[in-house]
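*Asks:* Shown below is the structure under consideration.
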Amino acid sequence: MSDYGYIVDSHCHLNYKGLVEEQGAVIQRARDAGVGCMLAINTKLKEYSEIIDIVENHADVFGTVGIHPHEAENEPDVALDALLSRADHPKIVGIGETGLDYFYDNAPRYMQKVNFRAHIAAARETGLPVIVHTRDADKDCVSIIEDEMEKGAFTGVIHCFTASQFLADSVLKMGFYISISGIATFKNAKELQETVKTIPENRLLVETDAPFLAPVPHRGKTCEPAFVMDTARFVAQLRGTEFERLQQTTTENFYRLFNKVTLPAAEVTA
């Protein structure tokens, strides 16, 4: 077992307003806080080049390729080849984020479903995990994952989990991971907090979704990857475990799921 001694922010948007203006400083503050790796998430293919620029300039930042469900109508003709060709880059380690958002319904639901299935196909073909966004769409999300799983195995993570125990139990049975954001620290997140307690230790990730959803005690501020430490400390306390153990297990889980990530040898103390 490797003793990492740091934590991973498994989902952030370093090219978004609020972070991009001082991107280098944001990344350095994360390092200084104890964040050893960050995953920069792609939400529009037209912004893929921004992700590539970030990952090629920072050894500890990796990226994904994908189209957010909000963008399913704006980028409706996503072809499998468009995802596969971009996933060839050595530092693109995941597919997404994709999924279903019935809360905002920024794109027609049938287009969201088509988009979701295209990303799953890319995940299956590449062997990379799919990063799933789901909001107010638990039954359809589970149904699509179950249906696609029958066509061939793939893996993935439900990011920024805020859904039901039903969704958690369903995706865990199918081998998925669940990632917890700063929302879990909010006072009104009691139901979510109870679900967080039930997630198996070996399937748990933590994230910021920066620049959104700053955890307590940073509410009202622009969220940064450094703040994943606050979420992790809260989750550790909630689950009755030591922070160091949660830091270690969530980092191991990240590298198990995102197994294309190449660790700098100096970061592994074995």
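Read the figures in this text as sums done on the coordinates, not as results from a lab. All figures in this text were calculated on a predicted structure; none of them were measured in a lab. No Cβ is skipped: glycine too gets one built from the backbone with ideal geometry, and neighbour counts run over all protein chains shown.
*Asks:* Using Cβ counts within 10 Å as a stand-in for footprinting exposure, how do Cys12, Cys141 rank, fewest first?
*Replies:* Placing the least packed residue first, the sequence is Cys141, Cys12.
*Asks:* If you place +1 on the Cβ of every Lys and Arg, -1 on the Cβ of every Asp and Glu, and leave all else neutral, what size is the dipole of the stretch 116-270 about its Cα centre, to the nearest 20 Debye?
*Replies:* With only Lys, Arg, Asp and Glu charged at Cβ, the dipole is about 220 debye.
*Asks:* Put a dot 7 Å past each Cα toward the Cβ at Leu80 and Glu191; how far apart are the dots in nm?
*Replies:* For Glu191 paired with Leu80, the spin-label model returns 3.8 nm.
*Asks:* Taking a ≥ b ≥ c as the square roots of the eigenvalues of the Cα gyration tensor of the stretch 122-270, is the shape rounded (a/c under 1.5), prolate (a/b larger than b/c) or oblate?
*Replies:* oblate
*Asks:* Still on this structure: Would you work out which of Thr262, Ile145, Thr43 lies farthest towards the positive end of the dipole of the chain? Charges go on Cβ: Lys and Arg +1, Asp and Glu -1.
*Replies:* Ile145
*Asks:* Any idea what the relative contact order of the chain is, in percent, if you count C-alpha pairs under 8 Å spaced at least 6 apart?
*Replies:* Normalised by residue count, the contact order of the chain is 22 percent.
*Asks:* Return one quarter of the surface area of the convex hull spanned by the alpha-carbon atoms of the stretch 84-181, equal to its mean projected area, in nm².
*Replies:* Value for the stretch 84-181: 6.2 nm².
*Asks:* Classify the chain as rounded, prolate or oblate, taking a ≥ b ≥ c as the square roots of the eigenvalues of its Cα gyration tensor: rounded when a/c is under 1.5, otherwise prolate if a/b is larger than b/c and oblate if not.
*Replies:* Rounded.
*Asks:* Just from its helices, what would the mean residue ellipticity at 222 nm be for the chain, if runs of 4 or more DSSP H residues each count -39500 (n - 2.57) and the sum is divided by every residue, rounded to the nearest 500 deg cm²/dmol?
*Replies:* -12000 deg cm²/dmol
*Asks:* Going by how many other Cβ atoms sit within 10 Å of their own, how do Ser85, Ser10 line up, fewest first?
*Replies:* So the residues, fewest neighbours to most, are Ser85, Ser10.
*Asks:* How do Asp60, Asp88 line up, fewest other C-beta atoms within 10 Å first?
*Replies:* Listed from fewest to most nearby Cβ atoms, that is Asp88, Asp60.
*Asks:* Which entries in Lys91/Lys187; Lys17/Lys260; Lys221/Lys260; Lys17/Lys151; Lys197/Lys221 show an alpha-carbon gap greater than 30 Å?
*Replies:* Result: Lys91/Lys187; Lys221/Lys260; Lys17/Lys151 exceed 30 Å.
*Asks:* Suppose every Lys and Arg Cβ carries +1 and every Asp and Glu Cβ carries -1, with no other charges. What dipole size does the stretch 1-98 come out with about its Cα centre, to the nearest 20 debye?
*Replies:* 180
*Asks:* Mind putting a number on the dipole of the chain about its Cα centre? Charges go on the C-beta only, +1 for Lys and Arg and -1 for Asp and Glu, and I need it in Debye to the nearest 20.
*Replies:* It works out to roughly 500 debye.
*Asks:* If you average the alpha carbon positions of the stretch 80-128 and of the stretch 17-36, how far apart do those two centres end up, in angstrom?
*Replies:* Distance between centres, Cα-based: 27 Å.
*Asks:* Quick check for you: which residues of the stretch 1-42 have the amide N under 11 Å from the point 7 Å beyond the Cα of Glu244 toward its beta carbon?
*Replies:* Correct set: 5.
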